[in-house]
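The values are calculated or read from the model by the stated rules, or taken from the named source; none is laboratory data. Since we're looking at a predicted model, the values are computed, not measured. Cβ placement follows ideal geometry from the backbone for every residue including glycine, while neighbour counts extend to all protein chains displayed.
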Amino acid sequence: MAKINILKPEIFNKISAGEVVEKPASIVKELIENSIDAGADKINIQIYDGGITKIVVSDNGSGIEPDDLESAFLPHATSKIANEDDLYNIATLGFRGEALASIAAVSQVEVISKTINSNGNSIKISGGEIVAEGEKGSPAGTYICVENLFFNTPARQKFLKKPKKEESDITTLVAKLILANPNISIKYSADDKLIYSSSGQGLKDAIFAVYGAQTLNSIIPIEFERGNYKLTGYLGKTSFFKPNRTYQTIMVNNRYVADSIINVALSQSYESYMMKHCFPFCVINFSIPVNEVDVNVHPSKLEVRFQDSRAVFGFIYSAISETLFNYLTQKTNEEVETKQPEIQLSKPEEVDVRKTETTQNTSNDLGMSILFDNLTQDNNRLELHSSKDSVLSEIIIEKLTSQTPKETLNTTEEKPVFVPQPTQQQLIKEEIVDKDAYLSSQIIGKAFNTFVILEQEDNLYFIDQHAAHERLLFDKFVSQIKNDNVSSQPLLLPYTIEVNYQEEQFLNENLSMLQSLGFGIEPFGNLSFKISAIPSLLPDLNVPNFFSNFLANLNNYSQMKSIDLIRDDLAEKACKHAVKGGDDLSKEELIKLVRGVGDGNVTMQCPHGRPFVVKFTRKDIDKWFRRIV
Ligand code: ADP
Ligand code: MG
């Protein structure tokens, strides 16, 4: 490697400052990136206790010159930038020259390194102090061992998460680095258990190492170039989708990035092929001239800023859309060819415009005449009314056209032909129903076997029997859960769900919440979970669907509440079991329903948010009849 320079403060200040050593995963990241920068094509990573007690990274890269071993640990020591211009043309991964120094300041580090021209040398640093130094035989390359993180800063130790969580973060990171560096063979183990081993034989092999053989059947290559931009890698087929974004790897100039405009372009390209809440798979690398992208936006270098983000968006969108389109049309052609080889594909018949027009006309005529019939019938009815009582007919029309200002209606000779529907707002006064008043009401009847009608002093209430019952059932289910009255129903055949490392972590974090809802769920080894029971409240639950939706929460940062997880399922169950509109309820049933609704805690809306009690006052009705204005 080139000689190490100490950065001038003015250059250093131009770089977003930030803690390098935030957590074990950030140390692993810095160390691997150093190995990559040193030209290594073999990197071995071992972590213990989530990296808290020990992280070892060894590589077969260029090594560090003996003279430079000490200065590598000085703040702002880097061999990668000498002056300010270099800052804007960074092609290497590490460039702040503070990683090793920051790491060594808060842990116990041993480095053994050998270049081709030198003998192996080692240095030991504890809490930033050199404690040992000297020659040590080693193969060419660098070995770095970081032990006892934050041993001298107990305050920061407290911020470390449980070892399993730190491990999961490292595993996720290593997966991304394997995908971003397909020509480097990377071996990774946690607590001596081998997790990934990539061959360094290209991207397809890297995807195999991270996602397994099955994924290889569900991806298509992408290679798209326009001007200075290029997009390469693999896209998931449109039939291959995932419940969250953790299966998306996006790189810019071979560097893994997060939260970029590329994510948006990706989602939009797949939009027409995929349902909501489904996410495509991808491992893509966007190549762009280094001076058109700013990688220093985020201290841990996960965010990038493009000089011309519109152009980037447009390019990515067309690259992915066109690739998908080509794949799908090619596939359709292949299917046609293989399934029906005897059929000749020919140009579609020319469309006879006049013919279509005539047909359309006929159907229009038909449509019009039906409409006309209806109108005449309506008119007949009106006439019937008006012959008996002309005042009544006028009022009916006025009521139906209540959006039309009164004066117009009175002064116009012709009666309006188009009768607009009164808007919901005009009919329903969404007042908060006074529960006490409501409870002292009398059932005076029902309409259409659907609406219960109640009278109380000057008020009339209409209750939608289905919506009201739905609400009551829903509330009952919720209170069972809140009072811990849930029971489980064992499944005849347990399900297993397969997940990735992030999803595994997420499920583990939420196991007790799922169990509190009545799910029998437990880790089943090797990235899978066994589901042996479901809440008895939801005997018809679609288990795979439920867990797919559940894993979608991985994308949300807000704290989940257990009840929210099954709210939709409960609402659906309530809807299914509630009496329907049209069901002929007995008087007793009506009374039970009406009383239940009046209970102090019931929200007067169905679980889908529609109101189920509508109130009319005597005044409203008087106005209909113009008793008052
Ligand atoms: P930076 O990577 O930003 O230059 P670091 O603190 O990460 O700063 O590393 C300091 C220097 O130590 C590097 O510039 C490089 O010269 C040397 N170095 C670190 N790790 C390795 C490695 N694995 N192989 C060769 N040289 C290394
Ligand atoms: Mg570095």
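Inspect region 70-83 for any residue being away from ligand 2 (no atom under 16 Å from the Cβ), in the same structural domain as Pro163 (by TED's automatic domain parsing), surrounded by fewer than 19 Cβ atoms within 10 Å (Cβ to Cβ) and at pLDDT below 80 and give the result as yes or no. Yes, that holds for at least one residue.
So is Ser62 hydroxyl-bearing (Ser, Thr, Tyr), part of a strand (DSSP E or B), modelled with pLDDT of 95 or more and within 16 Å of ligand 2 (Cβ to nearest atom) or not? So Ser62 fails the test.
Among the conditions (1) at pLDDT 95 or above; (2) under 16 Å from Ala180 (Cα atoms); (3) within 13 Å of ligand 2 (Cβ to nearest atom), the only one that Lys42 does not satisfy is (3). Within region 294-343, which residues are among the acidic types (Asp, Glu) and modelled with pLDDT of 65 or more? If the condition is that a residue be among the acidic types (Asp, Glu) and modelled with pLDDT of 65 or more, then Asp294, Glu303, Asp308, Glu322, Glu334 are the ones that fit.
Residue-level analysis places Lys3 outside the set of residues that are at pLDDT below 75, more than 30 Å from Ala155 (Cα to Cα), among the basic types (Lys, Arg) and buried (at least 20 other Cβ atoms within 10 Å of the Cβ).
Candidates in region 272-293 are the residues that are of a type in the set (S, T, N, Q) and either in a strand (DSSP E or B) or at pLDDT 95 or above (or both); of these, the one that is farthest from Ser309 (Cα to Cα) is Asn285. Filtering region 247-266 to residues that are surrounded by fewer than 20 Cβ atoms within 10 Å (Cβ to Cβ) and assigned to a helix (DSSP H, G or I) leaves Ile261, Asn263, Val264.
Considering every residue within region 129-146, establish whether at least one is of a type in the set (Lys, Arg) and modelled with pLDDT of 95 or more.
no
When the helices (runs of 4 or more DSSP H) confined to region 398-491 are screened for residues that are exposed (fewer than 15 other Cβ atoms within 10 Å of the Cβ) and at pLDDT below 50, those reaching at least 1 such residues are found at 406-411, 424-427. For region 20-39, the candidate set comprises residues that are of a type outside the set (Asp, Glu) and more than 10 Å from ligand 2 (Cβ to nearest atom); within that set, the residue that is farthest from Ile64 (Cα to Cα) is Lys23. Of all residues in region 50-67, those that are without any contact (Cβ under 8 Å) to a residue 12 or more places away in the chain have Cβ atoms under 9 Å from Cβ atoms of residues that are within 12 Å of ligand 1 (Cβ to nearest atom) and among the basic types (Lys, Arg), 6 or more apart or on another chain, in Asp67/Lys3. Each residue in region 39-67 was checked for being over 21 Å from Tyr196 (Cα atoms) and surrounded by fewer than 21 Cβ atoms within 10 Å (Cβ to Cβ), and 3 pass.
Given the options Ile170, Ile178, Ile112, Ile184, name the one that is surrounded by 19 or more Cβ atoms within 10 Å (Cβ to Cβ), modelled with pLDDT of 90 or more and within 12 Å of ligand 1 (Cβ to nearest atom). Steps first, please.
Working: Ile170 fails: within 12 Å of ligand 1 (Cβ to nearest atom); Ile178 fails: within 12 Å of ligand 1 (Cβ to nearest atom); Ile184 fails: within 12 Å of ligand 1 (Cβ to nearest atom).
Of the residues listed, the single one that is surrounded by 19 or more Cβ atoms within 10 Å (Cβ to Cβ), modelled with pLDDT of 90 or more and within 12 Å of ligand 1 (Cβ to nearest atom) is Ile112.
Residues that are of a type in the set (A, V, I, L, M) and touching a Cys at 6+ places or on another chain (Cβ under 7 Å) within region 457-477 comprise just one, Ala467. Across region 212-222, not a single residue is classified as more than 27 Å from the chain's Cα centre (by Cα) and assigned to a loop (DSSP other than H, G, I, E, B).
Of all the criteria given as (1) in contact with an Asp or Glu (Cβ under 9 Å, 6 or more places away or on another chain); (2) touching a residue at least 24 places away in the same chain (Cβ under 8 Å), the one not satisfied by Pro544 is (1).
Looking only at region 516-536, decide whether some residue is surrounded by 15 or more Cβ atoms within 10 Å (Cβ to Cβ) and either under 20 Å from the mean Cα position of the chain (by Cα) or closer than 30 Å to Ile591 by Cβ (or both). No; the residues of region 516-536 include none that is surrounded by 15 or more Cβ atoms within 10 Å (Cβ to Cβ) and either under 20 Å from the mean Cα position of the chain (by Cα) or closer than 30 Å to Ile591 by Cβ (or both). For first residues located in region 143-163 and under 29 Å from Ile64 (Cβ atoms), partners that are among the basic types (Lys, Arg) and surrounded by fewer than 16 Cβ atoms within 10 Å (Cβ to Cβ) and lie 6+ apart or on another chain with Cβ distances below 6 Å form the pairs Phe150/Arg156. The set of residues in region 512-534 being without any contact (Cβ under 8 Å) to a residue 12 or more places away in the chain and either farther than 24 Å from Leu570 by Cα or touching a Pro at 6+ places or on another chain (Cβ under 8 Å) (or both) consists of Gly525, Asn526.
In the condition set (1) out of contact with any Leu (no Cβ under 6 Å at 6 or more places or on another chain); (2) within 16 Å of ligand 1 (Cβ to nearest atom); (3) not acidic (Asp, Glu); (4) not in a helix (DSSP H, G or I), Ala132 is compliant with all but (2).
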